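A.B. asks: Structure provided below as structure tokens; questions to follow.
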Amino acid sequence: MAAAQGRLTDGADGTDDAKEGDRNGMDTAPLPFRAAVDALRAARLRQEIQVEPTRPPQRLAPFTYALEASVIEGDDDLADGRLVLLHEPAGHEAWQGSFRLVTLVRAELEPEMAADPLLPDVCWSWLTGALQSRGLAYGEPSGTVTRASSHYFGGLAARPAASQIEIRASWTPREGIGGVPDTAAHLASWCDLLSQVAGLPPAGPGDASVVTLPQRRGPQSR
């Protein structure tokens, strides 16, 4: 298992230095946001998921924090994604809350699997199902599921056709004691989604009913 690590920024100085960004963000961030970030940093994840810090997007909210993850098995990169925590202390009308989680998840597929007309609905149900299976309260979910196929010609004709699924989504984690959402549990549910998209077997005996995509045919280009 690996602890999640990331970077905190107040969205003001735009620095690329992780330590400086952490210090400046912690000095100005509200206590609920600092507690939410601390929970993300302390989260324990299954060993196939590697989490690293990444620069948060600017101007989406006064306070932001971002993680990126890859699902690695052997030499294969089965899926990757990004999770961003946004915080608007005064609340955001569209979010119906003061926190928002935004994600991007991608994985390579076999072309015939990508042609399944039900695949987008199934992938979206994995996101909502991952949240519900952990008993998490959330609201205002929105997003897209996109399938893309690449066919190669000319000097690239020897490459096999490639297909990819991409999930972009956001939701509002409901706040608990002290106005802090259970971000560690939301991160765990997001990792459940990554694992399903990557085709990993269930992490525990309680997940035996989970249906996942079959294993990918090889490493995914990043």
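A.B. asks: List pairs: first residue in segment 133-160 and of a type in the set (Phe, Trp, Tyr), second residue surrounded by fewer than 10 Cβ atoms within 10 Å (Cβ to Cβ) anywhere in the structure, Cβ distance under 8 angstrom, at least six positions apart or on different chains.
C.D. replies: TYR152/ALA158
A.B. asks: Please indicate, with yes or no, whether at least one residue in segment 129-136 is under 24 Å from PHE63 (Cβ atoms) and in a helix (DSSP H, G or I).
C.D. replies: Checking segment 129-136: at least one residue is under 24 Å from PHE63 (Cβ atoms) and in a helix (DSSP H, G or I).
A.B. asks: Hey, LEU104 hits all of (1) aliphatic (A, V, I, L, M); (2) within 21 Å of ARG41 (Cβ to Cβ); (3) open to solvent by less than 30 Å² (accessible area, probe 1.4 Å); (4) in contact (Cβ under 8 Å) with a residue 40 or more places away in the chain but one; which does it fall short on?
C.D. replies: (3)
A.B. asks: If you scan segment 99-143, which residues turn out to be out of contact with any His (no Cβ under 6 Å at 6 or more places or on another chain), closer than 16 Å to VAL84 by Cβ and not aliphatic (A, V, I, L, M)?
C.D. replies: Passing the criteria: ARG100, THR103, ARG106, TYR138, GLU140, PRO141, SER142, GLY143.
A.B. asks: Within segment 146-191, how many residues are among the hydrophobic types (A, V, I, L, M, F, W, C), at pLDDT below 95 and assigned to a strand (DSSP E or B)?
C.D. replies: Number satisfying all stated conditions: 3.
A.B. asks: Within segment 92-129, track down each residue that is of a type in the set (Gly, Ala, Ser) and touching a Ser or Thr at 6+ places or on another chain (Cβ under 7 Å).
C.D. replies: Those that are of a type in the set (Gly, Ala, Ser) and touching a Ser or Thr at 6+ places or on another chain (Cβ under 7 Å): GLY97, ALA114.
A.B. asks: Still on this structure: Determine which member of the set GLU88, GLU68 is in a strand (DSSP E or B), buried (at least 16 other Cβ atoms within 10 Å of the Cβ) and without any contact (Cβ under 8 Å) to a residue 24 or more places away in the chain.
C.D. replies: After ruling out the rest, the residue left standing is GLU68.
A.B. asks: For VAL145, are the conditions met, namely being open to solvent by 30 Å² or more (accessible area, probe 1.4 Å), within 24 Å of PRO56 (Cα to Cα) and of a type in the set (A, V, I, L, M)?
C.D. replies: Judged against the criteria, VAL145 is a match.
A.B. asks: While we're looking at this one, here's another question. Mind checking whether some residue in segment 33-43 is modelled with pLDDT under 90, out of contact with any Phe, Trp or Tyr (no Cβ under 6 Å at 6 or more places or on another chain) and buried (at least 17 other Cβ atoms within 10 Å of the Cβ)?
C.D. replies: Among the residues of segment 33-43, at least one is modelled with pLDDT under 90, out of contact with any Phe, Trp or Tyr (no Cβ under 6 Å at 6 or more places or on another chain) and buried (at least 17 other Cβ atoms within 10 Å of the Cβ), which makes the answer yes.
A.B. asks: Residue by residue through segment 138-182, note down the ones that are over 23 Å from LEU193 (Cα atoms) and of a type in the set (S, T, N, Q).
C.D. replies: The one that is over 23 Å from LEU193 (Cα atoms) and of a type in the set (S, T, N, Q): SER150.
One line per residue, one yes/no per condition, for (1) at pLDDT below 90; (2) surrounded by fewer than 17 Cβ atoms within 10 Å (Cβ to Cβ); (3) out of contact with any Phe, Trp or Tyr (no Cβ under 7 Å at 6 or more places or on another chain); (4) under 21 Å from ASP182 (Cβ atoms):
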residue: LEU45; (1), (2), (3), (4): yes, no, yes, yes
residue: ILE49; (1), (2), (3), (4): no, no, yes, yes
residue: GLN58; (1), (2), (3), (4): yes, yes, yes, no
residue: THR64; (1), (2), (3), (4): no, no, yes, yes
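The values are calculated or read from the model by the stated rules, or taken from the named source; none is laboratory data. Please read these numbers as outputs of a predicted model, since none were measured by experiment. For neighbour counting, all protein chains shown are included, and Cβ atoms are generated from backbone atoms with ideal geometry for every residue, glycine included. Areas reflect the complete protein model, heavy atoms only, side chains present, ligands, DNA and RNA absent. Shrake-Rupley method; radii C 1.70, N 1.55, O 1.52, S 1.80 Å.
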